[in-house]
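Sharing a structure with you now.
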Amino acid sequence: MADGKSKDLIITIDGPSGSGKSTVAKMLAKTLGYTYIDTGAMYRGVAYAYMKAGEPTDLKVFLDDLPLRFEFGDGTKVSLNNIDISREIREPGVSLSASSLSKDRVVREYLWHIQNKLGRKGSVVLEGRDMGSVVFPDAHIKFYLDANLSERARRRYHELSSKGMEQDSGSVETEMVKRDRSDSERDIAPLVVPDGAILIDSTGINAEQVVSLMIDRIPGAGA
């Protein structure tokens with residue numbers, strides 16, 4: 001593993017839905033010349049495939065034969081049977097299914113293996129809900145990004161609207177409360193602030209400002 005000051009750092013960003021993790025992680029990775037790994041897309045990809053398959057009861061058999069592929073780099077691409085499903089996995093129903101499936105150890109171990117293999121190469125920014133707490137507890141830099149509920153719901157509402165997925169703002173906030181509860185109360189890898197994580201509250205500040213705060217805490221990354 002890197003010494004914490006070289007260019008091959010493992011950087012994790014955890015936090016609840018709508019805290020700005022994806023936007024910030026993309027910007028931070030681009031600034032550092034790193035690869036951005038969207039682990040949430042991985043769970044959503046599994047959830048979408050699971051729903052399409054009719055929600056099979058034997059998850060291990062389902063995952064063993066799952067023709068799912070992830071491509072990270074200039075954006076995130078998720079393919080099922082060689083068909084791009086990157087847009088479909090962002091639908092609210094898929095997100096809730098992903099949260100439900102994430103409680104299953106078989107699903108988590110399937111994706112943990114992939115995430116660990118990708119991350120150990122270094123020069124990566126990984127964002128999710130258990131990156132710094134479970135998958136990479138020894139990451140060089142760990143961040144926990146948060147914001148108040150109304151701000152997070154507003155962001156998610158505008159994100160969905162920008163993609164043509166019209167949702168009632170009240171419904172978005174209600175689903176976010178459910179997701180928060182599900183993520184925090186699950187028995188396996190619940191959403192927590194990882195040991196040694198740097199806490200950043202993004203309420204009232206934009207993504208550029210958050211990235212600037214992060215850059216200031218990464219050895220050798222500042223001007």
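Given (1) part of a helix (DSSP H, G or I); (2) surrounded by 13 or more Cβ atoms within 10 Å (Cβ to Cβ), identify the lone condition not met by I188.
(1)
Checking the structure you have, find out if any residue of segment 153-174 is free of Cβ contacts under 8 Å to residues at least 40 places away in the same chain, open to solvent by less than 40 Å² (accessible area, probe 1.4 Å) and farther than 21 Å from P219 by Cβ.
yes
Read through the list (1) of a type in the set (G, A, S); (2) surrounded by 15 or more Cβ atoms within 10 Å (Cβ to Cβ); (3) part of a loop (DSSP other than H, G, I, E, B), then give the number of the only condition that S182 fails.
The number of the failed condition is (3).
Related question: Given the criteria modelled with pLDDT of 90 or more, open to solvent by less than 60 Å² (accessible area, probe 1.4 Å), of a type outside the set (G, A, S) and part of a loop (DSSP other than H, G, I, E, B), does I205 qualify?
Yes.
Could I ask something else about it? Residues in segment 211-219: is at least one among the acidic types (D, E) and part of a loop (DSSP other than H, G, I, E, B)?
Yes.
For segment 191-202, how many residues meet the condition of being open to solvent by less than 50 Å² (accessible area, probe 1.4 Å), among the hydrophobic types (A, V, I, L, M, F, W, C) and more than 18 Å from T23 (Cβ to Cβ)?
The first filter runs over segment 191-202 and keeps only residues open to solvent by less than 50 Å² (accessible area, probe 1.4 Å), leaving 191, 194, 197-198, 200, 202.
Adding the requirement that they be among the hydrophobic types (A, V, I, L, M, F, W, C) leaves 191, 197-198, 200.
Those still in the list that are more than 18 Å from T23 (Cβ to Cβ) too: 191, 197.
Counting residues in segment 191-202 that are open to solvent by less than 50 Å² (accessible area, probe 1.4 Å), among the hydrophobic types (A, V, I, L, M, F, W, C) and more than 18 Å from T23 (Cβ to Cβ) gives 2.
Separate question: If a residue has to be of a type outside the set (A, V, I, L, M), open to solvent by less than 50 Å² (accessible area, probe 1.4 Å) and at pLDDT 95 or above to count, how many in segment 141-152 make the cut?
3
Cβ-Cβ below 8 Å, separation at least six or inter-chain, first residue in segment 44-72 and without any contact (Cβ under 8 Å) to a residue 12 or more places away in the chain, second part of a helix (DSSP H, G or I) and open to solvent by less than 60 Å² (accessible area, probe 1.4 Å): which pairs?
As it stands, the answer is A53/F62; P56/Y50; P56/F62, since those pairs meet every condition given.
Select the strands (runs of 3 or more DSSP E) contained entirely in segment 1-119, then report the ones holding at least 3 residues which are touching a Phe, Trp or Tyr at 6+ places or on another chain (Cβ under 7 Å), open to solvent by less than 20 Å² (accessible area, probe 1.4 Å) and not charged (D, E, K, R).
Once the strands (runs of 3 or more DSSP E) in segment 1-119 are filtered for at least 3 residues that are touching a Phe, Trp or Tyr at 6+ places or on another chain (Cβ under 7 Å), open to solvent by less than 20 Å² (accessible area, probe 1.4 Å) and not charged (D, E, K, R), what remains is 10-14.
Taking segment 127-165 only, how many residues are aliphatic (A, V, I, L, M), more than 22 Å from N206 (Cβ to Cβ) and in contact with a strand residue (DSSP E or B) (Cβ under 8 Å, 6 or more places away or on another chain)?
3
The values are calculated or read from the model by the stated rules, or taken from the named source; none is laboratory data. All values derive from a computational prediction rather than experimental measurement. Backbone-built Cβ (ideal geometry, glycine too); neighbour counts: all protein chains shown. When the accessible area is computed, the model is the full protein with side chains, heavy atoms only, and any ligands, DNA or RNA have been set aside. Shrake-Rupley method; radii C 1.70, N 1.55, O 1.52, S 1.80 Å.
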